[in-house]
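The values are calculated or read from the model by the stated rules, or taken from the named source; none is laboratory data. Fair warning: this is a prediction, and the values are worked out from it, not measured in the lab. Cβ atoms come from the backbone with ideal geometry, glycine included; neighbour counts cover every protein chain shown. Each accessible area value is taken on the protein alone, full model and side chains, heavy atoms only, with ligands, DNA and RNA left out. Shrake-Rupley method; radii C 1.70, N 1.55, O 1.52, S 1.80 Å.
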Amino acid sequence: MSTVPLSEMPAWVRKAAPVRVKLERINSDVAKSLPPEGDHEVWLARLMAACGSSSPDFIHATLFQLQAAARLPNSGLSETALNAALAMIESEQPRGETECALVIQMASVHAASMAVLGRLGGGHGGDRHVLAAATAVSRLSRTFAILVETLRRLRTGGSQVIRIERVDVREGGQAVIGNIGSGGHDSHE
């Protein structure tokens, strides 16, 4: 079996591993977040870079918020769920606390959606339960899409472009207003 040198691998393979945490349980609902290994200061700096924040207090509050929101179904605290949320946050590369807050919500809504979908898949609890779960998933999915759009608008300035064109149709002439596509299909707005 031959190995491929790291320099020849695609960029997404060479990407550094996401920042992670190790949980030291305080009680069944709360844990202290610690570096999985290595220097605490280097780990905190990586978390701050991943969240786009220069505030250690923001980072510590974020970790407690993620503990509360990122739980696996039928379980308490989960390093796996917390680290998955951190990977999502880091991949979005938030630029500041506001963007990070939106991305935290995105990660939390995603985790909640997946938890509800997991319960929906078994069809447990009859028609009423399935309907309630399906409604919850639909609302969570819409919320996720709204958060993604809000983040996009925050990053791009949220400006809209309005194009105004003057159409001059003289007597006996005809005009079509809209998008006209080729291939036999007319597209009207």
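Summary of computed values
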quantity: Exclusive hit being within 26 Å of Arg139 (Cβ to Cβ), in contact with a Ser or Thr (Cβ under 7 Å, 6 or more places away or on another chain), modelled with pLDDT under 95 and open to solvent by 50 Å² or more (accessible area, probe 1.4 Å), set Arg71, Arg119; calculated: Arg71
quantity: Verdict on Arg20 being part of a loop (DSSP other than H, G, I, E, B), open to solvent by 70 Å² or more (accessible area, probe 1.4 Å) and at pLDDT 85 or above; calculated: yes
quantity: Qualifying residue in region 78-97 (condition: open to solvent by less than 50 Å² (accessible area, probe 1.4 Å) and over 26 Å from Ala16 (Cβ atoms)); calculated: no
quantity: Given (1) free of Cβ contacts under 8 Å to residues at least 24 places away in the same chain; (2) in a helix (DSSP H, G or I); (3) of a type in the set (S, T, N, Q); (4) in contact with a helix residue (DSSP H, G or I) (Cβ under 8 Å, 6 or more places away or on another chain), index of the condition Thr62 fails; calculated: (1)
quantity: Test: Ser54 is farther than 29 Å from Met114 by Cα, at pLDDT 95 or above and not aliphatic (A, V, I, L, M); calculated: yes
quantity: Out of Thr98, Thr80, sole residue that is among the β-branched types (Val, Ile, Thr), out of contact with any Cys (no Cβ under 7 Å at 6 or more places or on another chain) and closer than 28 Å to Thr156 by Cβ; calculated: Thr98
quantity: Selection status of Leu66, within 22 Å of the chain's Cα centre (by Cα), over 20 Å from Val109 (Cα atoms) and hydrophobic (A, V, I, L, M, F, W, C); calculated: no
quantity: Residue under evaluation Leu44, criteria (1) within 18 Å of the chain's Cα centre (by Cα); (2) open to solvent by less than 70 Å² (accessible area, probe 1.4 Å); (3) farther than 23 Å from Ala145 by Cβ, criterion not met; calculated: (1)
quantity: Flag if Thr150 is farther than 13 Å from Val19 by Cβ, β-branched (Val, Ile, Thr) and touching a residue at least 12 places away in the same chain (Cβ under 8 Å); calculated: yes
quantity: Residue match in region 23-35 (condition: closer than 30 Å to Thr156 by Cα and open to solvent by less than 40 Å² (accessible area, probe 1.4 Å)); calculated: no
quantity: Any hit, region 162-180, residues being of a type in the set (A, V, I, L, M), at pLDDT below 95, in a loop (DSSP other than H, G, I, E, B) and surrounded by 18 or more Cβ atoms within 10 Å (Cβ to Cβ); calculated: no
